[in-house]
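Heads up, the thing below is written out as structure tokens.
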Amino acid sequence: MSLVARDVSIRFGGVAALSGVGVEVSAGAVQGVIGPNGSGKSTLFNCLTGFARPDSGHVSVDGTDLSRVPAHRRIGLGIARTFQTPRFDPRVTVWQAVACGFSPVASAGLLSSALWLPWVRARERRVGEGVARLLDRFGLAEERHTQIGELSLGHVRLVEVARAMAMSPRYLLLDEPAAGLGEGEQRLLADELRRLASEGVGVLIVEHNFDLVLDLCDRILVLSGGRVLLDDHPGTVAADERVRRIYLGY
Ligand code: ADP
Ligand code: MG
């Protein structure tokens with residue numbers, strides 16, 4: 001079981017953003033993607049999630065070809081994502097933001113007029129319990145009634161990850177989720193992602209923080225100029241001279 005990109009190439013005008021890049025996100029594993037600015041990390045991420053369309057190559061999930069599946073329908077196939085710049089209405093509360101991950105219906109006004117339906121009530125209770133559990137895990141319980149616009153950037157990012165987890169994805173993809181997070185929050189995020197992987201979810205994380213990636217990932221893909229420099233275990237990546245030059249300056 002895996003989410004796979006094979007031999008993907010994509011150009012934007014004269015820029016070859018990706019040239020023959022492949023990556024595999026396996027169920028139960030954390031795959032990292034690192035590389036300098038402009039190396040194609042977000043483009044690869046977008047090809048996997050349907051926000052960009054490769055000029056050539058293939059993307060598939062558990063054997064199903066995704067080339068004709070638009071982004072919004074990939075959620076139905078178990079693929080959830082976060083955005084490098086979180087996209088929330090600043091007026092919604094933390095609780096509402098996470099609740100809408102469980103189902104678009106959960107936040108619809110329609111529900112309040114249908115409260116007499118027992119199944120709706122049971123469902124609302126389940127969603128409520130799910131939201132409470134996620135907020136607890138991410139240390140956001142006390143801020144459940146706070147509007148997104150009032151939160152620190154770090155907490156907004158955690159809310160976004162919680163919302164994506166609420167979708168019960170089989171594959172969770174995160175683009176630079178640790179930017180703006182303090183050290184404690186980063187550790188919390190890493191713990192949650194590791195726990196998720198141990199439950200069988202495949203995780204892909206694009207991340208600048210080299211130490212976090214080394215600590216968290218089972219495998220790390222290194223991109224450079226839109227090509228694969230390396231895709232290997234953290235120990236091998238950390239020992240690679242080219243990687244050390246890029247990240248450690250020697
Ligand atoms: P990274 O996430 O590693 O910083 P990106 O995938 O965002 O890199 O970008 C890879 C290259 O593709 C860069 O040269 C960038 O300018 C270019 N690029 C990415 N998206 C677009 C786009 N929508 N239009 C034009 N150029 C783009
Ligand atoms: Mg990027």
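Every read-out reported here was derived from the displayed coordinates using simple, explicitly stated rules and does not represent laboratory data. Keep in mind that this is a model prediction, so the values were computed, not measured. When we count neighbours, we look across all protein chains shown, and the Cβ atoms used for this are built from the backbone with ideal geometry, even at glycine.
Results, tabulated for the structure shown:
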{"quantity": "Phe12-Arg137 FRET efficiency (beta carbon distance; Förster radius 35 Å; 0.05 resolution)", "calculated": "0.35"}
{"quantity": "Spacing of the two label points (7 Å from each Cα toward its C-beta) at His58 and Leu77, in nm", "calculated": "1.2 nm"}
{"quantity": "Fewest-first ranking of Phe12, Phe138, Phe210, using other Cβ atoms within 10 Å as the exposure measure", "calculated": "Phe12, Phe210, Phe138"}
{"quantity": "Contour minus Cα-Cα distance for Ala179 and Glu241 (0.36 nm per residue)", "calculated": "19.8 nm"}
{"quantity": "Charge-dipole axis of the chain as Lys and Arg at +1 and Asp and Glu at -1 on Cβ define it, positive-most pick from Leu223, His145, Leu248", "calculated": "His145"}
{"quantity": "Cα coordinate range in the chain, projected on the principal axes (Å, largest first)", "calculated": "62, 40, 34"}
{"quantity": "Size of electric dipole in the chain: Cβ of Lys, Arg +1 and of Asp, Glu -1, about Cα centre, debye, nearest 20", "calculated": "760 debye"}
{"quantity": "Loop sites in the stretch 177-250: GluC sites (Glu not before Pro), DSSP, at most 13 other Cβ within 10 Å", "calculated": "Glu199"}
{"quantity": "Per-residue Cβ neighbour rank within 10 angstrom, fewest leading, Ile34, Ile75", "calculated": "Ile75, Ile34"}
{"quantity": "Burial order of peptide ranges 170-181, 222-233 (average beta-carbon count within 10 Å, highest first)", "calculated": "170-181, 222-233"}
